[in-house]
1. Please go through the range 21-64 and pick out each residue that is of a type in the set (A, V, I, L, M, F, W, C), touching a strand residue (DSSP E or B) at 6+ places or on another chain (Cβ under 9 Å) and either surrounded by fewer than 23 Cβ atoms within 10 Å (Cβ to Cβ) or assigned to a loop (DSSP other than H, G, I, E, B) (or both).
2. Considering each residue of the range 79-94, count those that are closer than 24 Å to residue 128 by Cβ and either modelled with pLDDT under 95 or out of contact with any helix residue (DSSP H, G or I) (no Cβ under 6 Å at 6 or more places or on another chain) (or both), and give that number.
3. Determine the pairs where a residue that is among the β-branched types (Val, Ile, Thr), located within the range 7-36, has a partner that is assigned to a loop (DSSP other than H, G, I, E, B) and surrounded by 24 or more Cβ atoms within 10 Å (Cβ to Cβ) with Cβ atoms under 8 Å apart, the partner being 6 or more residues away or on another chain.
4. Residues in the range 93-122 that are under 17 Å from residue 4 (Cβ atoms), among the hydrophobic types (A, V, I, L, M, F, W, C) and under 12 Å from the mean Cα position of the chain (by Cα): how many?
5. Within the range 1-20, can you find the residues that are farther than 24 Å from residue 84 by Cβ and assigned to a loop (DSSP other than H, G, I, E, B)?
6. Scan the range 68-88 and tell me whether some residue there is farther than 22 Å from residue 118 by Cβ and free of Cβ contacts under 8 Å to residues at least 24 places away in the same chain.
7. Which condition does residue 74 not pass, out of (1) touching an Asp or Glu at 6+ places or on another chain (Cβ under 9 Å); (2) in a loop (DSSP other than H, G, I, E, B), if it passes all the others?
8. Look at the range 90-118 and say how many of its residues are under 15 Å from residue 33 (Cα atoms), out of contact with any Lys or Arg (no Cβ under 8 Å at 6 or more places or on another chain) and assigned to a helix (DSSP H, G or I).
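The values are calculated or read from the model by the stated rules, or taken from the named source; none is laboratory data. All figures in this text were calculated on a predicted structure; none of them were measured in a lab. For neighbour counting, all protein chains shown are included, and Cβ atoms are generated from backbone atoms with ideal geometry for every residue, glycine included.
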Amino acid sequence: MDNIDYKNLVEQAIAAREMAYAPYSSFKVGAALMTKSGKIFKGCNIENATYTPTNCAERTAFFKAVSEGEKEFECIAIVGGKSGESIHELCPPCGVCRQVMMEFCNPKTFKIVLAKDIDNITVFTLNDLLPFGFGKSNLK
């Protein structure tokens, strides 16, 4: 096991979920992205009436981090569920978010932490969730 405090990361994702703007789906998602230096960027999903411009929590966290100069990441915790309900199912990232992760992360070592609560945590690598992912090396 590594030295990452997954419980703290999940707690931060749960806090980020509270900021979600999800008036259409009522499905709120929070993410906490940890850089290799240990800095954490939180993100939430932000919906839009026309749906296409909606942004997922994971991409919100990544875009915040990248916009502040961070480009090396260790792991991300993701939680989600219906507004007003406790989290009771794992909330894996969508395909678009997995592709954004592929852009910035090593799929063999980057960890994706999914949780039902701080005591029910499952850890995957990006490679587990996106086998045969398309990335920078494919364009060389």
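1. Passing the criteria: 22, 27, 40, 46, 56, 63.
2. Within the range 79-94, the subset closer than 24 Å to residue 128 by Cβ is 79-81, 87-94.
Then keep just the ones that are either modelled with pLDDT under 95 or out of contact with any helix residue (DSSP H, G or I) (no Cβ under 6 Å at 6 or more places or on another chain) (or both); that gives 80-81, 87-92, 94.
Summing the residues that are closer than 24 Å to residue 128 by Cβ and either modelled with pLDDT under 95 or out of contact with any helix residue (DSSP H, G or I) (no Cβ under 6 Å at 6 or more places or on another chain) (or both) in the range 79-94 gives 9.
3. Within 8 Å, the pairs are 29/45.
4. Here the count works out to 6.
5. 1, 2, 3, 4, 5, listed by residue number.
6. Our first condition is that a residue be farther than 22 Å from residue 118 by Cβ; within the range 68-88, this holds for 68-72.
Those left that are additionally free of Cβ contacts under 8 Å to residues at least 24 places away in the same chain: 69.
Checked against the condition, which is being farther than 22 Å from residue 118 by Cβ and free of Cβ contacts under 8 Å to residues at least 24 places away in the same chain, the range 68-88 yields at least one hit.
7. Against the list (1) touching an Asp or Glu at 6+ places or on another chain (Cβ under 9 Å); (2) in a loop (DSSP other than H, G, I, E, B), residue 74 comes up short only on (2).
8. Number satisfying all stated conditions: 3.
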